[in-house]
Amino acid sequence: MQVTETLNEGLKRGYAITVTAAELDAKVNEKLVEAQPEVEMKGFRKGKVPMALLKKQFGQRLIGEAMQETIDGAMNKHFEESGDRPAMQPDVKMTNEDWKEGDDVNVEMSYEALPEIPEVDLSGVELEKLVVKADDAAVEEALANLAETAQDFEAREDGAAAEDGDQVVIDFVGKVDGEAFDGGAGDDYPLTLGSNSFIPGFEEQLVGTKAGEEKDVTVTFPEEYQAEHLAGKEAVFSCTVKEVKAPKAAEINDELAQKFGAEDLAGLKGQISERLEAEYAGAARAVMKRGLLDKLDDLVSFDLPPSLVEAEAKQIAHQLWHEENPEVQGHDHDEVEATDEHNKLAERRVRLGLLLAELGQKAEVEVTDAEMTQAIMQQARQYPGQERQFFEFIQQNAQMQQQLRAPIFEDKVIDHIAEQAKVDEKEVSKDDLQAAVEALEDE
């Protein structure tokens with residue numbers, strides 16, 4: 001077998017590989033010898049079929065398989081000896097398309113090699129970590145929000161008109177073309193106006209009604225309504241308003257605390273304080289991470305595989321296009337062209353991705369099975385009732401596993417770098433932290 005270099009420019013590599021007819025024939029014979037003990041053929045005992053007959057019967061069928069294994073072996077040997085790591089799957093093609101049995105096999109292999117990553121002195125990296133304490137005002141604000149979510153309703157004075165946000169207790173009967181339909185009636189139903197829990201346009205028509213009043217509400221079922229026999233149909237609901245109630249925030253006391261699983265109000269405040277500080281710490285970590293990535297981006301410079309940059313730029317352009325066109329759900333639209341801005345961002349992402357991968361490998365950073373299981377379970381919660389099916393789907397899908405593993409690996413590498421860097425803590429207000437987070441989103 002001959003391997004001849006044909007291209008070596010920057011990170012681009014090209015090789016001509018020749019597999020001789022004799023090598024290919026030897027590989028076919030090797031595979032026949034392996035198979036011979038299990039072959040049965042009329043007139044011969046199992047495992048006693050002559051090699052010449054086996055070759056005549058199965059040789060043609062094994063040539064393609066032998067050719068692929070021989071070429072794969074040549075590629076693997078090349079990468080072991082050269083130390084090259086291809087950025088993407090190498091492009092391999094046979095050049096003598098008029099090949100026939102007895103000819104040598106000529107193959108061209110081309111790829112872009114991953115670059116050598118320069119050493120980085122992490123001890124010289126200086127970072128700032130923002131620290132926010134959960135003060136009394138923040139805890140009280142969170143308590144007030146909890147009380148609002150636990151709100152109750154109390155009857156308005158006689159003759160009061162219902163306002164948006166009020167609760168009306170109604171009896172109703174819905175009809176389409178004068179005929180009542182299943183599921184279109186209810187008694188003593190507590191409907192919060194503005195909750196959008198009924199058909200669009202229904203709740204707005206009850207604003208201004210009073211207890212004891214009857215009102216016909218006319219609405220049209222959405223075209224995509226789940227009950228096909230009602231989809232797109234106009235319906236009239238005869239409603240009787242029995243009560244009008246105004247929202248009343250729950251009192252902030254031990255009873256409220258117990259509704260949220262705490263023993264008393266002091267315990268609930270402690271839980272809120274811990275939750276807030278955990279949220280602040282998460283936001284502060286995101287700010288510090290961006291600062292670290294900025295510093296690493298300034299510290300290193302090396303050639304990037306054009307194919308990786310191009311693929312990343314296309315992905316960025318595609319993702320941003322969908323964010324700007326949220327009404328388009330599928331991907332059967334025209335190709336989105338990457339701009340210079342997309343390419344610049346792609347170069348940064350590829351550079352930092354390769355650097356973090358190198359640093360993580362040298363530090364022997366690994367994602368544990370427990371961490372993967374936790375990540376899968378967190379994702380599975382988005383599919384209530386189908387958690388088991390989701391878990392099995394991930395287990396059988398290597399690409400999805402990698403998508404879940406990658407951010408965990410990156411975060412662990414970031415933590416590893418931060419442990420070696422000089423980190424100064426700076427106590428700031430919640431508003432300062434919020435401004436820093438918003439600055440990240442604007443970039």
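Just a few scattered comments:
- For the chain, the solvent-accessible area of protein heavy atoms averages 63 Å² per residue (probe radius 1.4 Å; ligands and nucleic acids excluded).
- When the surface is traced with a 1.4 Å probe over the full set of protein chains, residue 136 keeps roughly 130 Å² accessible.
- Which of 109, 51 is most accessible, then next, and so on - probe 1.4 Å: 51, 109
- Computed from Cα positions, the angle between helix 265-299 and the longest principal axis of the chain comes to roughly 40 degrees.
- Each peptide in 342-349, 96-103, 142-149 gets a packing score, the mean of other Cβ atoms within 10 Å over its residues, and the list from highest to lowest is 342-349, 142-149, 96-103.
- For Cα extents along the principal axes in Å, calculated from these coordinates, the label among (i) 102, 67, 46; (ii) 73, 46, 39; (iii) 132, 52, 45: (i)
- Amide H contacts of residue 127 (H built 1.01 Å from N, under 5 Å, at least 5 apart or other chain): 422, 423, 424
- Distance between modelled label sites at residue 392 and residue 229, nm, 7 Å Cα→Cβ extension: 3.5 nm
- Cross-linked pairs 55/93; 129/362; 93/314; 362/430; 289/362: Cα-Cα separations exceed 29 Å for 362/430.
- Exposure rank, largest accessible area first [377, 75; 1.4 Å]: 377, 75
- Taking amide hydrogens as placed 1.01 Å from N in the peptide plane, the amide H of residue 170 sits under 5 Å from those of 188, 189, 191, 242, each at least 5 positions away in sequence or on another chain.
- Within the chain: Cβ-based charge dipole about Cα centre, in debye rounded to nearest 20 (Lys, Arg +1; Asp, Glu -1): 2640 debye
- Taking amide H as placed 1.01 Å from N in the peptide plane, residue 181 has its amide H under 5 Å from the amide H of 174, 176, each at least 5 places away in sequence or on another chain.
- Apportionment of accessible area to carbon and sulfur, the chain, percent (1.4 Å): 45 percent
- For the stretch 228-267, the residues whose backbone nitrogen is under 16 Å from a point 7 Å from the Cα of residue 152, taken along Cα to Cβ, are 245-260.
- Among 380, 322, 391 - extreme Cα towards positive end, dipole of the chain, charges at beta-carbon: 391
- Leading residue at positive end of dipole, the stretch 62-164 (Cβ point charges), from 155, 102, 87: 102
- The 3J(HN,Hα) values that the Karplus relation (6.51, -1.76, 1.60; θ = phi - 60°) gives for the stretch 183-195 are, in residue order, x, x, 9, x, 10, 6, 7, x, 10, 8, 5, x, 7 Hz. Gly and Pro appear as x.
- Degrees between helix 340-362 axis and first principal axis of the chain (Cα, 0 to 90, nearest 10): 70 degrees
- Using alpha-carbon coordinates, inclination of helix 21-35 to the longest axis of the chain, degrees: 70 degrees
- With the highest mean first, a sort of the peptides 64-71, 285-292, 330-337 on other beta-carbon atoms found within 10 angstrom per residue produces 285-292, 64-71, 330-337.
The values are calculated or read from the model by the stated rules, or taken from the named source; none is laboratory data. Fair warning: this is a prediction, and the values are worked out from it, not measured in the lab. With ideal geometry, Cβ positions are generated from the backbone for all residues, glycine too; neighbour counts draw on all protein chains shown. The protein model used for the area step is the full one, side chains on, heavy atoms only, and it has no ligands, DNA or RNA in it. Shrake-Rupley method; radii C 1.70, N 1.55, O 1.52, S 1.80 Å.
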